[in-house]
1. Taking loop as defined by DSSP and a crowding limit of 16 other beta carbons within 10 Å, which trypsin sites (Lys or Arg not before Pro) in the range 139-207 fit?
2. Based on the alpha-carbon gyration tensor of the range 160-247 and its eigenvalue square roots a ≥ b ≥ c, which shape applies: rounded if a/c is under 1.5, prolate if not and a/b is larger than b/c, or oblate?
3. From the Cα gyration tensor of the chain, with a ≥ b ≥ c the square roots of its eigenvalues, which class applies: rounded if a/c is under 1.5, or else prolate if a/b is larger than b/c, or else oblate?
4. How much of the accessible area of the chain, probe 1.4 Å, is carbon plus sulfur, in whole percent?
5. Calculate the dipole size of the chain relative to its Cα centre from +1 charges on Lys and Arg beta carbons and -1 charges on Asp and Glu beta carbons; express the result in debye to the nearest 20.
6. If the rule is a partner Cβ under 4.7 Å, which cysteines in the chain fail it?
7. Toward the positive end of the charge dipole of the chain, about the Cα centre and with charges on Cβ (Lys, Arg +1; Asp, Glu -1), which of Ser278, Ala45, Pro89 goes farthest?
8. Here is the link list: Lys39/Lys82; Lys82/Lys173; Lys39/Lys286; Lys55/Lys96. Which ones come out longer than 21 Å on Cα distance?
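The values are calculated or read from the model by the stated rules, or taken from the named source; none is laboratory data. Quantities reported herein were computed from a predicted structural model and do not represent experimental measurements. Cβ placement follows ideal geometry from the backbone for every residue including glycine, while neighbour counts extend to all protein chains displayed. Please note that ligands, DNA and RNA were not included when accessible areas were found on the heavy atoms of the full protein model with its side chains. Shrake-Rupley method; radii C 1.70, N 1.55, O 1.52, S 1.80 Å.
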Amino acid sequence: MTDTAEVAYRLQDERPEPDDFYREVIAGLDRRPRQIPPKFFYDEAGSRLFERICKQPEYYPTRVETGILDQYANEIAGLTGKDSCLIEPGSGSCMKVRLLLDALRPSRYIPMDISCSHLHEAAGRVAEDFPWLDVHAVCADITRSVDLDCIPAQARRIVFYPGSSIGNYEPRKAVEFLCRLADISGPGGGLLIGVDLEKETRILDEAYNDANGITAEFNLNLLHRINRELDGDIDIDTFRHHAFYNETEGRVEMHLVSECSQTLRIDGHRYEFAAGESIHTENSYKYTAAGFTALAECAGFTAEALWTDDDELFSLHFLRAA
Ligand code: AVI
């Protein structure tokens with residue numbers, strides 16, 4: 001735990017083992033179809049690229065969700081109440097929460113992220129800009145169980161999970177993760193969650209294939225990361241980014257496709273790739289508002305409120321834990 005004199009925040013370090021990346025890459029490349037979990041996108045370079053994705057004109061989720069949070073902050077505060085403990089798993093740059101803090105006036109804010117240096121900076125900036133707020137940052141892999149002794153016993157717990165990251169889980173895993181969030185929020189607590197909605201394929205295909213190529217860079221950074229951290233010998237130029245909406249599965253899929261037949265070597269392991277063979281790096285499920293509510297009910301939540309934008313591109317749900 002680290003205390004800084006200038007800003008009132010503490011950093012609790014529960015970083016994943018460095019071995020996790022090694023083990024999951026080695027195992028995932030042996031699987032068919034080959035796959036690497038999307039949580040490994042978010043090293044320092046990946047986290048910065050993701051921030052740039054969020055500013056691309058085609059990537060509507062950030063812009064639209066921000067508009068919803070801004071428009072309904074007071075209404076949201078009416079449901080959460082004041083003086084709650086606000087917990088944000090996967091907090092990234094902590095930008096969206098800023099739209100809520102003045103209305104919600106939580107007694108403590110707990111941002112949690114896998115990227116420690118990024119979290120350190122982002123949480124520090126929140127503490128500086130909201131000097132009345134008690135900020136306690138937790139660096140952790142939120143897909144694993146985390147020690148949350150830092151939650152004050154009496155405060156109502158509100159989990160804030162914006163960005164539609166729930167869409168990056170398979171629906172069955174999404175229910176498991178929602179159960180985890182229900183445990184964190186505890187009886188009577190709440191979950192404020194952003195969920196991307198089903199829509200025209202063209203809009204989705206463009207959102208994950210931005211003209212500036214930032215999403216492609218973000219996807220390919222995974223290969224750079226393997227070279228950097230796992231002593232890989234991958235020629236990045238022999239892979240291309242491929243993203244498309246899979247209508248049958250109701251999800252956008254991202255892949256890294258080998259453009260030629262080749263052998264990759266990672267720490268003594270060899271992987272033979274045929275030309276056109278891919279590594280599946282991400283799914284991003286899209287829901288109807290009713291479909292997502294049904295999923296959340298499976299995890300024991302009760303729907304209390306739902307907000308969307310005029311074009312019904314994105315939804316924000318407030319759910320109460322049983
Ligand atoms: C973090 N997550 C919700 C993003 C998404 O849209 O699934 C990650 C992303 N991948 C490509 N673009 C953005």
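1. Here the trypsin sites (Lys or Arg not before Pro) that fit, given the DSSP loop and packing criteria, are Arg144, Lys199.
2. oblate
3. Prolate is the answer for the chain, as a/c is 1.5 or above and a/b outweighs b/c.
4. Using a 1.4 Å probe with all protein chains present, the chain comes out at 48 percent carbon and sulfur.
5. Taking the Cα centre of the chain as origin, the dipole is about 560 debye.
6. Cys54, Cys85, Cys94, Cys150, Cys179, Cys260, Cys298
7. Pro89
8. Among Lys39/Lys82; Lys82/Lys173; Lys39/Lys286; Lys55/Lys96, the Cα-Cα distance tops 21 Å for Lys39/Lys82; Lys82/Lys173.
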